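For reference, the structure discussed in these notes is given below.
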Amino acid sequence: MIAVSTGELKIHQKEKEYTLLSKNIADLMESLEEEGVYIENPNKFKSLSDWRDRWSSLERGYASKAGYIHDLYTTSFNQIDIVLCQRYVKGKSHQQLVEEWQISQFENLITKIKKLKGIMISVAIQGESVYLIKSEEENYRKLYRFSKSQVQKAWVRFGYKNGSYESEKDILKLDFISNSSHLDYAFLKINAQTQQKSIFINETYILDSGQDIRIIHHPQGNPVIISDLGQITQVGEDYIDHNLKTDNGSSGAPIFNRQWELIAIHQGNPGIGRTVTPGSTGGIPIRTIWNQISPHLA
């Protein structure tokens with residue numbers, strides 16, 4: 001995708017390779033889904049001509065085009081990370097993962113996705129110097145890309161709802177306290193006094209299927225939504241499944257019981273290893289991370 005967008009390589013010279021890679025990626029994802037592993041395929045560009053039409057409408061600058069391609073597969077890579085982390089949480093060794101879940105499929109999938117991204121980027125940079133492109137992409141990575149364990153700066157914004165406008169007083173710096181990639185959470189502290197009311201955390205609440213719950217979230221990064229009532233559909237030692245309507249951007253949102261007590265954090269794709277009712281997604285019970293976060297709570 002990158003090679004086509006640069007103009008250095010004509011689209012027809014890369015079209016066949018792009019088409020084949022796209023099909024291979026789709027086939028791999030379909031094969032994983034048959035084994036109970038759903039990995040989202042976000043690339044809707046059927047051809048490099050479709051991709052060219054899209055990148056030509058993006059903001060000027062190679063970093064923005066490279067950034068778009070990077071972000072395109074972020075969800076897919078995150079889903080793969082979650083699946084593998086959940087297997088490690090269950091005490092599986094790397095060899096067991098190889099034998100039981102054919103980890104090579106994930107490695108093959110990641111390799112093909114990276115190669116496809118390379119084609120898209122080469123299309124997008126229009127024949128400019130490779131050193132310029134590398135510089136632009138490095139700047140993009142420095143500005144926007146970070147791993148779960150290497151966050152250096154973060155902010156929170158309050159009051160993001162329909163009809164509201166951004167105000168500097170609503171944007172507050174966060175201090176990093178702790179995190180766990182296995183339990184899939186990060187614990188942050190607001191580095192300022194706020195007018196926001198604290199919520200009550202009920203880490204001893206007994207969770208059971210059929211219990212009514214709600215979520216407060218920002219699906220697709222949109223203004224805040226308070227959901228209708230949903231239900232817990234399944235409970236495990238370190239997870240819940242629920243049928244609340246969520247979307248990309250909902251991950252990390254608080255899940256409340258009927259008494260508006262915080263009981264879980266929305267996670268999203270539950271990954272491998274358990275039966276999930278169709279229409280359900282996963283969450284992390286507060287009790288699962290309570291021992292890690294409680295020492296930091298006032």
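Of all residue pairs spaced 6 or more apart or on separate chains, those with beta-carbon atoms under 6 Å, a first member in the stretch 30-57 that is at positive phi and a second member that is aliphatic (A, V, I, L, M) are 36/272.
When you look at residue 230, is it buried (at least 20 other Cβ atoms within 10 Å of the Cβ), small (Gly, Ala, Ser) and assigned by TED's automatic domain parsing to the domain that holds residue 214, yes or no?
Values: buried (at least 20 other Cβ atoms within 10 Å of the Cβ): no; small (Gly, Ala, Ser): yes; assigned by TED's automatic domain parsing to the domain that holds residue 214: yes.
Against the criterion (buried (at least 20 other Cβ atoms within 10 Å of the Cβ), small (Gly, Ala, Ser) and assigned by TED's automatic domain parsing to the domain that holds residue 214), residue 230 does not qualify.
Among the criteria (1) modelled with pLDDT of 75 or more; (2) of a type in the set (S, T, N, Q); (3) surrounded by fewer than 11 Cβ atoms within 10 Å (Cβ to Cβ), the one residue 162 does not fulfil is (1).
Inclusion of residue 207 among residues that are assigned by TED's automatic domain parsing to the domain that holds residue 282 and either surrounded by 14 or more Cβ atoms within 10 Å (Cβ to Cβ) or in contact with a Cys (Cβ under 6 Å, 6 or more places away or on another chain) (or both) is warranted. The residues in the stretch 111-135 that are of a type in the set (Gly, Ala, Ser) and either modelled with pLDDT of 70 or more or part of a helix (DSSP H, G or I) (or both) can be counted, and the count is 4.
What do you reckon, is residue 257 out of contact with any His (no Cβ under 7 Å at 6 or more places or on another chain) and crowded, with 17+ Cβ neighbours inside 10 Å? Against the criterion (out of contact with any His (no Cβ under 7 Å at 6 or more places or on another chain) and crowded, with 17+ Cβ neighbours inside 10 Å), residue 257 qualifies.
Return yes or no: is residue 267 touching a Lys or Arg at 6+ places or on another chain (Cβ under 8 Å), part of a strand (DSSP E or B), polar (S, T, N, Q) and within 27 Å of residue 29 (Cβ to Cβ)? Working first, answer last.
Values: touching a Lys or Arg at 6+ places or on another chain (Cβ under 8 Å): no; part of a strand (DSSP E or B): yes; polar (S, T, N, Q): yes; within 27 Å of residue 29 (Cβ to Cβ): yes.
It is false that residue 267 is touching a Lys or Arg at 6+ places or on another chain (Cβ under 8 Å), part of a strand (DSSP E or B), polar (S, T, N, Q) and within 27 Å of residue 29 (Cβ to Cβ).
Do we have residue 223 as part of a helix (DSSP H, G or I) and surrounded by fewer than 14 Cβ atoms within 10 Å (Cβ to Cβ) here? Spelling it out, it is not the case that residue 223 is part of a helix (DSSP H, G or I) and surrounded by fewer than 14 Cβ atoms within 10 Å (Cβ to Cβ).
Restricting to the stretch 32-64, name every residue that is part of a helix (DSSP H, G or I), over 20 Å from the mean Cα position of the chain (by Cα) and either over 18 Å from residue 108 (Cβ atoms) or at pLDDT 85 or above (or both).
Within the stretch 32-64, the subset part of a helix (DSSP H, G or I) is 32-34, 48-55, 62-64.
In the following step, the residues that additionally are over 20 Å from the mean Cα position of the chain (by Cα) were identified as 34, 48-55, 62-63.
Hits for the stretch 32-64 are 48, 49, 50, 51, 52, 53, 54, 55, 62, 63.
Just to be sure, is residue 198 part of a loop (DSSP other than H, G, I, E, B) and surrounded by 17 or more Cβ atoms within 10 Å (Cβ to Cβ)? No: the conditions fail for residue 198. Residues being among the hydrophobic types (A, V, I, L, M, F, W, C), within 22 Å of residue 268 (Cβ to Cβ) and modelled with pLDDT of 70 or more are represented in the stretch 72-79 by at least one member. Applying the set (1) touching a Gly at 6+ places or on another chain (Cβ under 8 Å); (2) in a helix (DSSP H, G or I) to residue 249 leaves exactly one unmet item: (2).
The values are calculated or read from the model by the stated rules, or taken from the named source; none is laboratory data. These numbers were taken from a predicted model, which means no experiment stands behind them. Note: ideal-geometry Cβ built from the backbone for every residue, glycine included; neighbour counts use all protein chains shown.
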